[in-house]
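Novice: First the structure, then my questions, so here it is.
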Amino acid sequence: MRILPFISQQEGYEPSVPELNQEEGVLDISHDAECSLIEESKIAADTLILRCSLHPIVLQNKSIMVQLISEGEPLERTPLYDERSITYGYEREIENSQTQGIALEYTGTGRGLYQGEPFVFHEKTLPSGQLNIKTPLYVKPFQIESKSHQERQTTLPSGHVFTSPPGVLDTPILRGYGGYYKENCALEDIQQVYYALTPTHNQTKVRLYRSEQHLHIIQNEESLTLPGALAAGYAHINVTTEFGNISFTSFLCERVSGHSTLVNVYFKP
């Protein structure tokens, strides 16, 4: 039996983890005084490492109701985000799985590598320019249920189970429940949580699943873990120099030892 995720946005794919540059890029910029091309590696840092704090965006609307019509019989509706709605054996850390997103805020300190030499910087001033970043620096999104949902499951004479919507056979439907997060958890555990409806007596019940339990799910930014999304390059910053703007893309993050909410995020041009 395969499991089909329901994705509210257009599904994408997980880009491969970027590798460190092996060749020097060249900016097509001509210096006014020298009238010559300037190598990007001469004006941009090789790597920038920004210290960031993690801030969960807590689910606001918990009034969503779900209902299952099983074999033609409407079962009792249930509040999706109520712990009493979760079927036995699937109730692990429900409150920690109701996060809309994780915001990364730049704390004002960082370090980098420029022409092979390490340096430390504060706020937005770099040896070769000025940081230009958003606030928050990046928000890791999670798919949530935004409106009440009704689902119908019918066993056909052939023995196959038909589920509508979306209209599939023998395929439990996974929908976005929220993201898992709690202070000091492993970064890889900050991931999408899905739910599926199941009948229990005359009631609609909910089962929860983490992304890691279904690796065949088509990957997009929402379904990736936090470090997976950063490794895939979803966070961006810019550095303004006298020669123009240079874009940097995330490729790694790591926990800051001894701190439950701080991470170092690595960027490269």
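A short reminder: the numbers here are calculations on the coordinates, not readings from a lab. Nothing here was measured: the structure is a model prediction, and the numbers come from that model. For neighbour counting, all protein chains shown are included, and Cβ atoms are generated from backbone atoms with ideal geometry for every residue, glycine included.
Novice: By the gyration tensor of its Cα atoms, with a ≥ b ≥ c the square roots of the eigenvalues, what is the shape of segment 27-268: rounded for a/c under 1.5, prolate for a/b over b/c, or oblate?
Specialist: Prolate shape, in that a/c is at least 1.5 and a/b is the bigger ratio.
Novice: Please check which bits of segment 85-129 a label hung off residue 62 would reach, taking the label as a point 7 Å along Cα-to-C-beta and the cut-off as backbone N under 20 Å.
Specialist: Label zone hits: 85-103.
Novice: What lysines could a cross-link reach from residue 140, if we take a straight Cα to Cα line under 21 Å and drop same-chain neighbours fewer than 8 places away?
Specialist: Those lysines meeting the cut-off are 62, 182, 268.
Novice: With r defined as the distance between the Cβ atoms of residue 249 and residue 139 and R0 fixed at 25 Å, what FRET efficiency is calculated, to the nearest 0.05?
Specialist: It comes out at approximately 0.95.
Novice: Also, quick follow-up: Please find the FRET efficiency linking residue 113 to residue 259, where r is the Cβ-Cβ separation and R0 is fixed at 35 Å, and quote it to the nearest 0.05.
Specialist: For residue 113 and residue 259, the calculated efficiency is 0.95.
Novice: What FRET efficiency would be calculated for the residue pair residue 236, residue 186, taking the C-beta separation as r and a Förster radius of 35 Å, to the nearest 0.05?
Specialist: With R0 = 35 Å, the Cβ-Cβ based efficiency is 0.90.
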